[in-house]
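Notes follow the structure.
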Amino acid sequence: MKASSKRSSLAALSLKTVGIILIVSSLLDYTILPIPYQPLDIAWRISLASTFVDRGIIPMIGLGLMFAGYKMDTDEGRGGSVSKKWQYLPFWGLVLAAVLGVFFALLTPMHLNDVRMASQNRLASIEEEARRVETNFNAQLGSEEFQTQLEQQQVEAKEQFKSLLENPDRLQTVIDSPDTPEEIRVVLEEAKTNPQALDDFFEERVAAIPEQVLGRVREQQENQTRQVGREAGKSAIRIGLSSLLLAVGYLIIGGVGLKGMMRPRR
């Protein structure tokens, strides 16, 4: 009987010790990890909310272990008598649970708002960067240096094509090659009988440069915009929902526990 009581006492002590360590270490993390404190920085608040939520279950586990240890002591008659509730450690555990419940309840809408603001700022930055690239490209397109380089490249390309037309065997090899783009194959076939097709082809290519470049800029902008939306949605759902669940759990533990502890004994 004594051996069984000792084992029960050791188990209760172990549960209380592990539970208290988990609670204290979590509170230390919540105090130290935010350093340096930057409450006006949206990115800092979002990162902090993610850290708090990811570690939010640890104090709950610690509270559960601590309560289980004290319950074992009570069942075995080792709890002793405490005249004032504030002298009873589980009372403060329940108070902590209630405080954490309120904290995570407030954290949910704050995080959703921060994610929304961060997304808006990121989208504005992406749009501004796209406008800057378009403006710089349009300015470069109208410069004499750019036009000179473009004409030089066009002349060199024409010379390469003309050299192919002067060598029928090599020309046919290029046409038959699977690596040759379809539009190039069509131009070479037509140029066999109509050399003017080369000039028309290069004029079309030069005229299409602005549209192609600006199209790639807009496509990149759309891809970045979709990525921002996906990241914001994932953060809002994962962190927001997890924070709400933690709030419900802590409020149930704290509310029900304190209500039962405050109830007068008969």
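Placing unit charges on C-beta atoms (Lys and Arg positive, Asp and Glu negative, everything else neutral), compute the dipole magnitude of segment 112-255 about its Cα centre in debye, rounded to 20. Write down the numbers at each step before the final one.
Values: 16 positive and 26 negative charges, 278 e Å.
Roughly 1340 debye, rounded to the nearest 20.
At 1.4 Å probe size, with no ligands or nucleic acids counted, give the accessible surface of Ser242 in Å², nearest ten.
About 40 Å², rounded to the nearest 10.
Just the number please: accessible area per residue for segment 79-217, 1.4 Å probe, all protein chains included, in Å². Intermediate results must be reported in sequence, preceding the final value.
On the way: 9110 Å² over 139 residues.
On a per-residue basis, segment 79-217 sits at 66 Å².
Just the ratio, please: alpha-carbon radius of gyration of the chain over 2.2 N^0.38 Å, N its number of residues. If you can, show how the numbers build up before the last one.
Values: Rg = 35.6 Å, N = 266, 2.2 N^0.38 = 18.4 Å.
Normalised Rg, Cα atoms only: 1.94.
Once label points are set 7 Å from the Cα along Cα→Cβ at both Glu222 and Gln154, what is their separation, rounded to one decimal in nm?
2.9 nm
How much accessible surface does Ile57 have with a 1.4 Å probe, in Å² rounded to 10?
Probe radius 1.4 Å; accessible area of Ile57 about 80 Å².
What does the helix-only formula give at 222 nm for the chain: each DSSP H stretch with n ≥ 4 adding -39500 (n - 2.57), the total divided by the residues, and the result rounded to the nearest 500 deg cm²/dmol?
Values: 8 runs with 224 residues, N = 266.
Taken over the chain, the calculation gives -30000 deg cm²/dmol.
Take the alpha carbon gyration tensor of segment 115-266, find the square roots of its eigenvalues, order them as a ≥ b ≥ c, and report rounded if a/c is under 1.5; if not, report prolate when a/b exceeds b/c, else oblate.
On the way: a/c = 7.74, a/b = 3.19, b/c = 2.42.
Prolate is the answer for segment 115-266, as a/c is 1.5 or above and a/b outweighs b/c.
Apply 1/(1 + (r/R0)^6) to the Cβ-Cβ distance of Ser47 and Val213, taking R0 = 45 Å, and write down the FRET efficiency to the nearest 0.05. Display every interim value, and only then the final one.
Working: r = 36 Å, r/R0 = 0.81.
Step by step, r from the Cβ atoms, then E = 0.80.
Could you count how many Lys pairs in the chain have their Cα atoms under 15 Å apart, skipping same-chain pairs fewer than 8 positions apart? Could you put the intermediate results ahead of the total?
Numbers: Lys16/Lys71; Lys85/Lys259; Lys158/Lys192; Lys162/Lys192.
Taking the Cα cut-off of 15 Å, the pair count is 4.
At a 1.4 Å probe radius, carbon and sulfur cover how many percent of the accessible area of segment 187-235? Provide the component values of the computation, followed by the final result.
Working: 1500 of 3210 Å².
Carbon with sulfur: 47 percent of the solvent-accessible area.
The values are calculated or read from the model by the stated rules, or taken from the named source; none is laboratory data. Keep in mind that what you see is a predicted model, and the values were worked out from it rather than measured. As a convention, Cβ positions derive from the backbone with ideal geometry for all residues, glycine included, and neighbour counts pool all protein chains shown. SASA here: full protein model, heavy atoms, side chains in, ligands and nucleic acids out. Shrake-Rupley method; radii C 1.70, N 1.55, O 1.52, S 1.80 Å.
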